Amino acid sequence: MSETRTDISELGEFGIIDQLTKGVELKNSTSILGVGDDAAVIDAGNEEYLLVSTDALVEGIHFNLMYMPLKHLGYKAVAVNVSDICAMNGKAEQITVAIAVSNRFSLEALEELYAGIKLACTEYQVDLVGGDTTSSTSGLMITITAIGRVKKEEIVYRSGAKEFDLLVVSGDLGGAYMGLQLLEREKDVFKSNPAIQPDLDGHDYIMQRQLKPEARVDVVNYLKELGVQPTSMIDVSDGLASEILHLCKTSNVGCHVYDEKIPIDSKTSMAAIDFNLDPSTCALNGGEDYELLFTIKQSDFEVVQSNPNFSIIGHITSAEDGTYLVDKNGSAVTLKAQGWRHF
Ligand code: ADP
Ligand code: MG
């Protein structure tokens, strides 16, 4: 180890990953793709690839048990992993679950967590096939690995976007972030005065977006039914802006994204305005929506445009043209990602 000490907060999550994984070489011809996409791609020796993805959720960082029921947490931990398999245009089939848990948790509490995990397994038709259980000095950490499959000719990477492709996102954005804002606010109110009951009425939609996100398995199926093979794809875990920049960087292209085309549910907009936040900013930077962001060829425009699950939000340009957000007045500003900063 060298004498220098670099603070990890200087690097951020993606900087740390780059730094730690640089120089990693794939030794096996079956390792088709390693670090850098939503899931690793492994040649299973037939017409399909295996897909493998891991995500960890840490108490105090990704969830707060004051407002996140354990059952929801279990469900969400599975959903976010299935989502990464969807982002490769694949189907998740198995998961393993590793937990580190302090003695603050009872067996009954952990059974609640597993009730959520099992519910998600039923919902997404995946099998729980293993895992690991260890103790932790404080808090709960849950790490899930999802294993999936995709036909070789149907795999979609982050790297396939081409100039003139259209940029598309499923569903609507910003809801999960507004749900979090609401839950945080009510938690603070409760902490300052436990006699005041949380005021969550009328906010079911954004709460559900935060507490019970769904992997868009249905979107992967719609695309197949429509005969649309995306040229690139990623799931929206860190915020739309961050994910667009990932797609563009990995594909070595630029983009124009139109602010007014970004899909935002009216309940999300109303909550944002209530919090004095700009709805577009919440949609661009909020994260945790677990929608799918993808690019399509121009020839697929009509079939995608006429589908209510999808919004065409921009188009791909050359890398030299840069990555831009075009605001409601038509002026272009450089697209920036605030995203989540854990470090
Ligand atoms: P996602 O948001 O889709 O889950 P991440 O941003 O977490 O993806 O990770 C980006 C890529 O870096 C993935 O290929 C992931 O497997 C890889 N990765 C993340 N952390 C590590 C690590 N500590 N060691 C090796 N690879 C990592
Ligand atoms: Mg992902």
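The values are calculated or read from the model by the stated rules, or taken from the named source; none is laboratory data. Just so you know, these numbers come straight off a predicted model, no measurement behind them. Note that each Cβ is placed from the backbone with ideal geometry, even for glycine, and that neighbours are counted across all protein chains shown. Remember, those area values only see protein heavy atoms, side chains included, never the ligands or the DNA or RNA. Shrake-Rupley method; radii C 1.70, N 1.55, O 1.52, S 1.80 Å.
If you scan segment 15-41, which residues turn out to be open to solvent by 60 Å² or more (accessible area, probe 1.4 Å) and of a type in the set (A, V, I, L, M)?
Across segment 15-41, the qualifying residues are 17, 20, 24, 26, 32, 35.
Tell me, which residue of segment 222-264 that is in a helix (DSSP H, G or I), of a type in the set (A, V, I, L, M) and open to solvent by 30 Å² or more (accessible area, probe 1.4 Å) is farthest from ligand 2 (Cβ to nearest atom)?
226
For (1) over 26 Å from residue 207 (Cα atoms); (2) more than 19 Å from the chain's Cα centre (by Cα); (3) free of Cβ contacts under 8 Å to residues at least 40 places away in the same chain, each residue gets a yes or a no:
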{"site": "99", "(1), (2), (3)": "no, yes, no"}
{"site": "115", "(1), (2), (3)": "no, yes, no"}
{"site": "164", "(1), (2), (3)": "yes, yes, no"}
{"site": "170", "(1), (2), (3)": "no, no, no"}
{"site": "187", "(1), (2), (3)": "no, yes, no"}
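Just to be sure I understand the filter: pairs with C-beta atoms under 7 Å, separated by 6 or more residues or on different chains, first member in segment 29-52 and farther than 13 Å from residue 91 by Cβ, second member among the basic types (Lys, Arg) and at pLDDT 95 or above. Which pairs pass?
Partner pairs satisfying both residue conditions: 37/158; 47/151; 47/152.
Among the residues of segment 35-44, is there at least one that is in the same structural domain as residue 140 (by TED's automatic domain parsing), within 14 Å of ligand 1 (Cβ to nearest atom) and closer than 30 Å to residue 183 by Cα?
yes
Determine which single condition residue 277 fails, assuming it passes every other condition in (1) more than 16 Å from ligand 2 (Cβ to nearest atom); (2) under 21 Å from residue 79 (Cα atoms).
Tallying (1) more than 16 Å from ligand 2 (Cβ to nearest atom); (2) under 21 Å from residue 79 (Cα atoms), residue 277 fails exactly one: (2).
Which of the residues that make up segment 189-207 are closer than 18 Å to residue 66 by Cβ, open to solvent by 70 Å² or more (accessible area, probe 1.4 Å) and in a helix (DSSP H, G or I)?
190, 191, 192
Say we look at segment 60-78 and pick out the residues that are in a helix (DSSP H, G or I) and under 17 Å from residue 108 (Cβ atoms); which of these is most open to solvent (accessible area, probe 1.4 Å)?
In this case the residue turns out to be 71.
Kindly check whether there is at least one residue in segment 85-92 that is under 21 Å from the mean Cα position of the chain (by Cα) and in a strand (DSSP E or B).
Within segment 85-92, one or more residues are under 21 Å from the mean Cα position of the chain (by Cα) and in a strand (DSSP E or B).
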